[in-house]
Structures are given as C-alpha cells and as structure tokens.
1. Hey, could you check the range 23-73 for residues that are among the charged types (D, E, K, R) and closer than 20 Å to Ala13 by Cβ and say which is modelled with the lowest pLDDT?
2. Restricting to the range 1-12, name every residue that is more than 9 Å from the chain's Cα centre (by Cα) and either outside any loop (DSSP other than H, G, I, E, B) or touching a residue at least 12 places away in the same chain (Cβ under 8 Å) (or both).
3. Do you know which of the residues in the range 17-51 that are open to solvent by 40 Å² or more (accessible area, probe 1.4 Å) and touching a residue at least 40 places away in the same chain (Cβ under 8 Å) is nearest to Thr63 (Cα to Cα)?
Amino acid sequence: MPDERRYRLTDAAMQPHPYLDVDYPSLQEALDAARRWSRNRTLDLYQASIGVEVSTERGDWRTLMLPTEIQQLDLISKG
C-alpha cells in the first residue's frame, strides 16, 4: 500500500519553513496552519511568502506551490 501524501510549508527561499516545518496530512491543513500563523503578525514580503511541497512515494519532496504571499494562498485554496 503506498504511503499517504504529506505536505509541508516552505519559506521564500524554498527551504522548510522556520516556524511551520511540520508534516501536514492534507493541503488544506497546511494552508490553514499558514493562515493561523500569519494572523496578528506584521510580516515583511519575505516572511509572508509561503510555498507548499508534497511528499513522493520515494520519500522525496516536490514543489506543489511556489512561495507566494499568504493572502494569495487564500485565493488559491478557495478555488
């Protein structure tokens, strides 16, 4: 049985996010975590840019979404 996909958040440099480096079981949970983290924070453009990676069957990570401003992630997740 293949492993379940996992998601993780990246920073603007496409490295694991320094505060949100957790494996999330779904894309929606990852995006929700990014939104919760960003609330009530004054973020510069670099800090406000978050990307998403998805795990592969071999255990590698692939870019799912390039780093973009958190507000833009809201638009993407709403379809």
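The values are calculated or read from the model by the stated rules, or taken from the named source; none is laboratory data. Fair warning: this is a prediction, and the values are worked out from it, not measured in the lab. Note that each Cβ is placed from the backbone with ideal geometry, even for glycine, and that neighbours are counted across all protein chains shown. Just so you know, the surface numbers come from the protein's heavy atoms only, side chains and all, with ligands and any DNA or RNA stripped out. Shrake-Rupley method; radii C 1.70, N 1.55, O 1.52, S 1.80 Å.
1. Selected residue: Arg41.
2. Passing the criteria: Pro2, Asp3, Glu4, Arg5, Arg6, Ala12.
3. Leu27
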